[in-house]
């Protein structure tokens, strides 16, 4: 789906997992459980929103008046083709598969630029999170609601629990205030997690659309890669500027785009995309977020699928696109 021209800057959507210490074991164990669920929620948010911001920014697609994820992926493929040879793109077998893992795979040439590797990792993270998000949002919401309810029940006996734990009057007052602060953080996290539902739905639709268009993108990639390279384009952003036919925003509008703002803020802070792991939500081992460190030290697609033992000749290779 295309994004709106000149998107406004978004506020801070991050979900804080910070919980204040109570110094009463019963409460601290409960809020530790809440903190872990909040971190899982933040991983989902970052995997959907921060990874998309990186994808749109690295590709230059944020400069398009109606740019979307398909534009970003196209410009990146054109750039990769310019680096390794456009005729080799199909041999890399880029695959988007919403129904099974790996959700995004490509036999990436390790010689490509660090910026293109960063895009690969961000796109992989986004695809993995798109697929994990519906179940993860449900299980994490249930976990957080359970912790919040339990905290509310225990707060009525907080002073007695503090006294029993040997806390003095001042520490007891601090503990009661901390319980209130933690309970508020849980409520905020639940609200923000609920707001990710529509984002996850839209992202899943975008991913499905990209999977259906991969063959078409590859068919057009050789021509656009060669033409853009002749115009002096190297990076995906340069391909977007020089080769993409879409109407561009003016510089002021582009600089205010929320994807660019988020990406630059995260990069300046050294914030990485979530690493792929199993979520602890509800005790299930469903993935809460996807793969990929960001920017500065993103690894070179070491986990991309290995090539077959006997490499296929170019004329025998077809893009591996899964039906959805």
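Checking residue 87 against (1) at pLDDT below 95; (2) assigned to a loop (DSSP other than H, G, I, E, B), only one condition comes out false. Which one?
Of (1) at pLDDT below 95; (2) assigned to a loop (DSSP other than H, G, I, E, B), only one is false for residue 87: (2).
Do the conditions hold for residue 193, that is, is it closer than 18 Å to residue 31 by Cα, under 19 Å from the mean Cα position of the chain (by Cα) and buried (at least 18 other Cβ atoms within 10 Å of the Cβ)?
It is true that residue 193 is closer than 18 Å to residue 31 by Cα, under 19 Å from the mean Cα position of the chain (by Cα) and buried (at least 18 other Cβ atoms within 10 Å of the Cβ).
Condition test on residue 211, is it touching a residue at least 12 places away in the same chain (Cβ under 8 Å) and in contact with a strand residue (DSSP E or B) (Cβ under 9 Å, 6 or more places away or on another chain)? Show your work before the answer.
On the way: touching a residue at least 12 places away in the same chain (Cβ under 8 Å): yes; in contact with a strand residue (DSSP E or B) (Cβ under 9 Å, 6 or more places away or on another chain): yes.
It is true that residue 211 is touching a residue at least 12 places away in the same chain (Cβ under 8 Å) and in contact with a strand residue (DSSP E or B) (Cβ under 9 Å, 6 or more places away or on another chain).
Confirm whether residue 209 is assigned to a helix (DSSP H, G or I) and either buried (at least 19 other Cβ atoms within 10 Å of the Cβ) or modelled with pLDDT of 95 or more (or both).
yes
So which pairs qualify, if the first residue must be in the range 22-51 and touching a residue at least 12 places away in the same chain (Cβ under 8 Å) and on the phi > 0 side of the Ramachandran plot, the second must be assigned to a helix (DSSP H, G or I) and surrounded by fewer than 19 Cβ atoms within 10 Å (Cβ to Cβ), the Cβ gap must be under 9 Å, and the two must be at least 6 apart or on different chains?
Pairs that qualify, where the first residue is touching a residue at least 12 places away in the same chain (Cβ under 8 Å) and on the phi > 0 side of the Ramachandran plot and the partner is assigned to a helix (DSSP H, G or I) and surrounded by fewer than 19 Cβ atoms within 10 Å (Cβ to Cβ), are 23/171; 23/174.
Only one of these conditions is not met by residue 264: (1) out of contact with any helix residue (DSSP H, G or I) (no Cβ under 8 Å at 6 or more places or on another chain); (2) farther than 30 Å from residue 144 by Cα; (3) in contact (Cβ under 8 Å) with a residue 60 or more places away in the chain; (4) exposed (fewer than 14 other Cβ atoms within 10 Å of the Cβ). Which number is it?
(1)
Determine which member of the set 219, 281 is surrounded by 14 or more Cβ atoms within 10 Å (Cβ to Cβ) and modelled with pLDDT under 95.
Only one candidate qualifies: 281.
Residue-by-condition table, conditions (1) in contact (Cβ under 8 Å) with a residue 12 or more places away in the chain; (2) surrounded by fewer than 20 Cβ atoms within 10 Å (Cβ to Cβ); (3) over 15 Å from residue 38 (Cβ atoms); (4) in contact with a helix residue (DSSP H, G or I) (Cβ under 7 Å, 6 or more places away or on another chain):
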{"residue": "142", "(1), (2), (3), (4)": "yes, yes, no, yes"}
{"residue": "145", "(1), (2), (3), (4)": "yes, yes, no, yes"}
{"residue": "156", "(1), (2), (3), (4)": "no, yes, yes, no"}
{"residue": "160", "(1), (2), (3), (4)": "no, yes, yes, no"}
{"residue": "167", "(1), (2), (3), (4)": "yes, yes, yes, yes"}
{"residue": "170", "(1), (2), (3), (4)": "no, yes, yes, no"}
{"residue": "178", "(1), (2), (3), (4)": "yes, no, yes, no"}
{"residue": "184", "(1), (2), (3), (4)": "no, yes, no, no"}
{"residue": "188", "(1), (2), (3), (4)": "yes, yes, no, no"}
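Quick check: anything in the range 236-258 in a helix (DSSP H, G or I), at pLDDT 95 or above and closer than 26 Å to residue 38 by Cβ?
Yes, some residue in the range 236-258 is in a helix (DSSP H, G or I), at pLDDT 95 or above and closer than 26 Å to residue 38 by Cβ.
Report, ordered by the first and then the second residue, all pairs with beta carbons closer than 8 Å, sequence separation of six or more or different chains, a first member in the range 234-255 that is free of Cβ contacts under 8 Å to residues at least 24 places away in the same chain, and a second member that is surrounded by 17 or more Cβ atoms within 10 Å (Cβ to Cβ).
242/228; 242/233
Let's see how each residue does on (1) in contact with a strand residue (DSSP E or B) (Cβ under 9 Å, 6 or more places away or on another chain); (2) at pLDDT below 95; (3) farther than 22 Å from residue 172 by Cα:
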| residue | (1), (2), (3) |
| --- | --- |
| 1 | yes, yes, yes |
| 7 | no, yes, yes |
| 21 | no, no, no |
| 27 | no, no, no |
| 32 | no, no, no |
| 40 | yes, no, yes |
| 47 | yes, no, yes |
| 52 | no, no, yes |
| 67 | yes, yes, yes |
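Does residue 127 satisfy the condition of being in contact with a strand residue (DSSP E or B) (Cβ under 7 Å, 6 or more places away or on another chain) and closer than 22 Å to residue 204 by Cβ?
Here the answer is yes, as residue 127 does meet what is asked.
Looking only at residues in the range 95-140 that are under 19 Å from the mean Cα position of the chain (by Cα) and in a loop (DSSP other than H, G, I, E, B), which one is surrounded by the fewest Cβ atoms within 10 Å (Cβ to Cβ)?
Of everything passing the filter in the range 95-140, 100 is surrounded by the fewest Cβ atoms within 10 Å (Cβ to Cβ).
The values are calculated or read from the model by the stated rules, or taken from the named source; none is laboratory data. Quick caveat, the model's predicted, so the values are computed rather than measured. Note that each Cβ is placed from the backbone with ideal geometry, even for glycine, and that neighbours are counted across all protein chains shown.
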